[in-house]
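**Student:** Have a look at this one before I ask anything.
The values are calculated or read from the model by the stated rules, or taken from the named source; none is laboratory data. Fair warning: this is a prediction, and the values are worked out from it, not measured in the lab. So basically every Cβ, Gly included, is an ideal-geometry build from the backbone, and we count neighbours across all protein chains shown. Accessible surface areas use protein heavy atoms only, side chains included; no ligands, DNA or RNA. Shrake-Rupley method; radii C 1.70, N 1.55, O 1.52, S 1.80 Å.
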Amino acid sequence: MTTGYVYHELFGWHDTGTSVGLLPANPAAGLQPFIHFENAETKRRLHELIVVSGLIDKLERIRPVHATEEQILRVHTEDHLERIKAESLLPKGGDAGDGVSPFGHGGYDIAALAAGGVIAAVEAMLNGRVDNAYALVRPPGHHAVPASGMGFCVFNNLAIAARHAREVFGVGRIGVVDWDVHHGNGTQTAFYDDPDVLTISLHQNNVFPPNSGAVEERGEGAGLGYAVNVPLPGGTGDGGYLAAMDEVVVPALKRFNPELILVASGFDASAMDPLARQMLTTDGYRALTLRLMEVAEEVCDGRIAMSHEGGYSPVYVPFCGLAVMEALAGEEPFTDPFLPVVSGFAGHELQPHQKEVIERVAGLVAEIAPAPGGRPSPVSG
Ligand SMILES: [Zn+2]
C-alpha cells in the first residue's frame, strides 16, 4: 500500500493575524488581540508528529503545485477569484468573504497552493503513483461557496480537485464524505444539482454555518437525493459516528458506486476541540477510516484522497490525523497518550437520540437510485 502525502511549510505561513478566536480584535468591545482559532499550530504539529513518529518514511511525498486560475474557476466565480487576488496584494491582506476569515499579504498564493495540493494528491492517485492520499493543506476549503470564501476557507480545495478529476481525468461519479464537525456547505452547494457527485456530511447539528446541513437538504433538480446530511446531536462519540458510517455512509456509497472517494477530513469532532461538542477519539477516527477503505476497496479499487479541513485542538489534532494516515498507509498505531482520558468520557456508545437521526437519514439513502454496478444494499431502519 502506497499512501501519498502532501504538505508544504508555506501552509503554516497563511496568516490569520491577531483575531480573538474568530472575531477581529476590538478594544472598545473588550476584544483583546490574541490568535485566530484557525492558526498554523494544529497542522504544523500534525506534520511534525508524522515526522517524529517515523510515519513520514512510509509515505510518498507529493509536491503541491499552485492551482491555476482555470482550475479555481471551475468552482468559483471570477469576482471571488479577482477579489482574493486584489486583497492579497494589500499590505495587510484581506478577508475571504465573511469577516471572520482573514488572510495576510500574499494569501492568494498560499490558498492556490492548498487547492493545488489536493489536486496533486488526486492526480497522483489517478495516475497510479499512490493507492490513496492525504493532503495536509491550509487554509481549509469546505465552507467556501462558488461566490465567496467563509468559515476560515478561501477556495474550496476539495471541490476544485473533484472538478479537475471530472474534467481532466474523465472520472464519472465521485463520492464525497465530510467528517469535519461543521456542515460541508460549500462542497454541497458546488454540486447541489449534480447527480454525479454524492456529498455526504456528518456534522454536529446546526453549529456552522447557522441553519445549514439539515436532513431535508437533499439536492435539487437532477441532483435531488445526491446531497446527504447527518446532523448528529452534540455529544456524539465514537459509537454514534460509527453507526452513522455503517447505516448511512457505507450503504450510500455502495448504491452510488463512485469511481473515486474524496474526504473532507476535519478533526474538530474530536473530544478536545474548542469549537464543537463531539467526542471522537483516535480509535474512532481510525475505525471510520478503515470502514471507508473497505467500501472503497469494494467500489473503486481503494481510491480515497483526503483533504484536511478544520480541527482546533493543537494537542489532539496531531494524534487524530496521525491515526487516519496510519490507517490509510496500513501501518501500526502509534500510541495516543490521550486515549485513556478521552475514551473514558461517558456516552461514547450510540444513544437513542442519535440513533433516531441516523435512522431518518438511512431511510432516505434507500431512495438513491443504484448506479451502474452499484448495489441496492439493504438499509436498516
Ligand atoms: Zn470545521
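**Student:** Could the peptides 198-204, 338-344 be put in order, highest first, of the mean number of other beta-carbon atoms found within 10 Å of their residues?
**Tutor:** Going by the mean number of other Cβ atoms within 10 Å, highest first, we get 198-204, 338-344.
**Student:** What ranking do 94-105, 243-254, 299-310 get when scored by the average of other Cβ atoms within 10 Å per residue, highest first?
**Tutor:** Ranked by mean Cβ neighbours within 10 Å, highest first: 299-310, 243-254, 94-105.
**Student:** Could you tell me the largest-minus-smallest coordinate of the C-alpha atoms of region 285-381 on each of the three principal axes, in descending order and whole angstroms?
**Tutor:** The Cα atoms of region 285-381 stretch 43, 35, 23 Å along their principal axes.
**Student:** While we're on this one: Could you rank HIS14, HIS8 by how accessible they are, 1.4 Å probe, largest area first?
**Tutor:** Ranking HIS14, HIS8 by accessible area, largest first, yields HIS8, HIS14.
**Student:** Roughly how much of TYR134 is accessible, in Å² to the nearest 10, using a 1.4 Å probe?
**Tutor:** Using a 1.4 Å probe on the heavy atoms, I get roughly 0 Å².
**Student:** So what is the accessible area of the chain per residue, in Å², with the probe set to 1.4 Å?
**Tutor:** 37
**Student:** Once you keep just the Cα pairs under 8 angstrom separated by 6 or more residues, what percentage relative contact order results for the chain?
**Tutor:** The value is 17 percent.
**Student:** Cut-off under 15 Å on the C-alpha distance; same-chain residues fewer than 8 positions from LYS92 excluded. Which aspartates and glutamates are left, in chain and number order?
**Tutor:** Answer for LYS92, where 15 Å is the Cα cut-off: ASP15, ASP109, listed by chain and number.
**Student:** I need the Debye-formula profile for region 133-268: one equal scatterer per C-alpha, no solvent, reported as log10 I(q)/I(0) at q = 0.09, 0.17, 0.18 1/Å, two decimals.
**Tutor:** These q points yield log10 I(q)/I(0) values of -0.23, -0.87, -0.99.
**Student:** Output the antiparallel fraction of DSSP beta bridges having both residues in the chain, as a percent to the nearest 5.
**Tutor:** If we restrict to bridges inside the chain, about 15 percent are antiparallel.
**Student:** Sum -39500 (n - 2.57) across every DSSP H segment of at least 4 residues in the chain, then divide by the residue count to get the 222 nm mean residue ellipticity, nearest 500.
**Tutor:** -10500 deg cm²/dmol
**Student:** If you project the alpha carbons of region 214-274 onto their three principal axes, what span does each projection cover, largest first, in Å?
**Tutor:** Per principal axis, max minus min of the Cα coordinates gives 39, 24, 19 Å.
**Student:** In cubic angstrom, how much convex hull volume per residue do the alpha carbon atoms of region 204-361 span?
**Tutor:** 111
**Student:** Which value in Å is the Kirkwood Rh of the chain over different Cα pairs?
**Tutor:** Result for the chain, one decimal place: 20.3 Å.
**Student:** Taking a quarter of the surface of the convex hull around the Cα atoms of region 1-105, what do you get in nm²?
**Tutor:** Approximately 9.0 nm², given one-decimal rounding.
**Student:** Also: Taking all protein chains in place and a 1.4 Å probe, what share, in percent, of the accessible surface of the chain do carbon and sulfur account for?
**Tutor:** 54
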